[in-house]
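Notes for the one structure printed next.
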Amino acid sequence: MKAAATMIAAAAPAARSAAALSSAVAQIWAWLGAVPDPEIPVISIVDLGIVRDVRVAADGACDITITPTYSGCPAMQVIADAITDALHAHGVVQVRLHNQISPAWTTDWMSEAGKAALKGYGIAPPAQQVIDISGLRAGGRAAAAAVSRRAALAPTVACPHCGSQHTEITSQFGSTPCKALYKCLDCREPFDYFKCH
């Protein structure tokens, strides 16, 4: 761990090489990739898309930008503490956290590995893309105006237990506000669905 902390500190001076800085940032991303979400511990805060940016500042501090999954998320302080603790455990002395609420977090930011981990845990991952970026092909201001959230259509949610798409919603809210409760009409198992948002 001391070697890794030395690597981070060595990347900080103004004379640092791009390769050393890139290596330090990659190492920090890897450490954060081991920090579990406090509400769904099978997925990391990186795979969930909460960690938006990692930088090593000229003074050697590590700047981490995070975005809550929804405004007022009660887990954000726990996540902030877990990030700080994880980096301190690896010898990073100064950690500065920055909360960024715009653009708002979306399930589109979840990694494929994170979605697979949810499914393996018995939670159906988001079934739709939330942001429509098809207008970006045009470029310019018209393209920016064309980016929009998709209308909330009822998704086809596959059962994480048997794979059947013969499922139905039983409650808009599951064990946390970001999940809905479904049941499979084939295997009869109930399951949480991580809602698109």
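Values in this text are rule-based calculations from the coordinates and carry no lab data. In this text the structure is predicted, and so the values were computed from the model without any measurement. Cβ sites come from the backbone with ideal geometry, for glycine too, and all protein chains shown count toward neighbours.
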Q. How much FRET efficiency would the formula 1/(1 + (r/R0)^6) give for Gln77 and Thr156, where r is the Cβ-Cβ distance and R0 is 35 Å, rounded to 0.05?
A. 0.45
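For His88 and Arg52, calculate 0.36 nm times their separation in residues minus their Cα-Cα distance, and state this gained length in nm to one decimal.
Separation in residues times 0.36 nm, less the Cα-Cα distance, equals 11.0 nm.
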